[in-house]
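Report on one structure; see the data block that follows.
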Amino acid sequence: MKIYIAIICCLTLASCASVRPKNATDYESQLGYPDETRNFVIINKKVFDEPMLGVMLEYTNKQYTRDNIDLYVYPIANYSWSDTEETLSGEMERVLAEVDQAIEYGYYQGRGEETIEPFQFSVDGDNYSGLKASFELTDKNDVTHFSNAYVFLEKDKYLKFRTSFNSIDTVPWNGDDAVKELLPTLEVPGESQYMADLRAAHKQRVTQNLMNLILQAAQQKSAEGEAE
């Protein structure tokens, strides 16, 4: 049950690209990931032409092959993400909006209300902290899937997991085990020159717009003072 939704033209930084820029992240050589772990095996990899979409890795459960674990690695669409909580919350809202749009397009019948909570764990002394959303998703065949979305930050990128477990095959469980098994194995590339240039240009525009607003406010105040 795969839905690929590309809502990228309205992203903060990006303009849609038809050919992947040469100075964007090379996920083929720079991203480290496992082809197979104890419980999961990769069945698909897709590097998107649009750099803001990054790369998608699709894993399946060895025991329950109708279960899906999708991992997306893609750059943060801003020049600053120092407020980790706000950055994660904003991205989780977009993740859930993508699911709702898929429902509007008719790929699913609907979903239950989500529960959002912090998600933290440690492996071999390394700590991982992100956000988790849980909800039930009903497909077009009226089959319920126990679905989760997870968002993490690593370097200048989001790491997003979308897990879906078929209720016919499995007892009600979530994707925690999949995330704990896969996330620590990833080696995420650093900022690409493409993103560095894009962020610098965006920061300059924001700074210039702010200065223009300050100047306009000062001129208006001065004009009001002269009028008095």
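The values are calculated or read from the model by the stated rules, or taken from the named source; none is laboratory data. What you see is a predicted model, and the numbers here were worked out from it, not measured in a lab. All Cβ positions, even for glycine, are placed from backbone atoms using ideal geometry, and neighbour counts span all protein chains on display. Quick note on the areas: whole protein, heavy atoms, side chains included, nothing else; ligands and nucleic acids left out. Shrake-Rupley method; radii C 1.70, N 1.55, O 1.52, S 1.80 Å.
Restricting attention to the range 7-20, the residues being at pLDDT 60 or above and of a type in the set (A, V, I, L, M, F, W, C) number 1. Selection of the range 50-66 for residues being among the charged types (D, E, K, R) and either at pLDDT 95 or above or surrounded by 14 or more Cβ atoms within 10 Å (Cβ to Cβ) (or both) yields 50, 58, 66. The residue of the range 23-49 that is surrounded by the fewest Cβ atoms within 10 Å (Cβ to Cβ), among those that are in contact (Cβ under 8 Å) with a residue 60 or more places away in the chain and closer than 19 Å to residue 178 by Cα, is 38.
Screening 192, 129, 164 for residues that are within 30 Å of residue 109 (Cα to Cα) and modelled with pLDDT of 85 or more leaves exactly one candidate, 164.
Only residues that are in a helix (DSSP H, G or I), of a type in the set (A, V, I, L, M) and free of Cβ contacts under 8 Å to residues at least 60 places away in the same chain were counted across the range 50-92, and they come to 3. For residue 23, the conditions (1) within 19 Å of the chain's Cα centre (by Cα); (2) of a type outside the set (A, V, I, L, M); (3) at pLDDT 90 or above all hold with the exception of (1). The numbered conditions (1) open to solvent by less than 40 Å² (accessible area, probe 1.4 Å); (2) among the charged types (D, E, K, R); (3) out of contact with any His (no Cβ under 7 Å at 6 or more places or on another chain) are all true for residue 114 except (1). Restricting the first residue to the range 134-147 and requiring it to be in a loop (DSSP other than H, G, I, E, B), which pairs with a second residue that is modelled with pLDDT under 95 and surrounded by fewer than 20 Cβ atoms within 10 Å (Cβ to Cβ) meet a Cβ separation below 7 Å and a spacing of at least six or different chains? As it stands, the answer is 140/108; 140/109; 142/109; 143/166; 143/167; 143/168, since those pairs meet every condition given.
Restricting the range 155-182 to residues that are within 21 Å of residue 35 (Cα to Cα) and without any contact (Cβ under 8 Å) to a residue 60 or more places away in the chain, the residue that is least open to solvent (accessible area, probe 1.4 Å) is 176. Among all positions in the range 188-209, there is at least one residue which is in a helix (DSSP H, G or I), among the aliphatic types (A, V, I, L, M) and free of Cβ contacts under 8 Å to residues at least 24 places away in the same chain.
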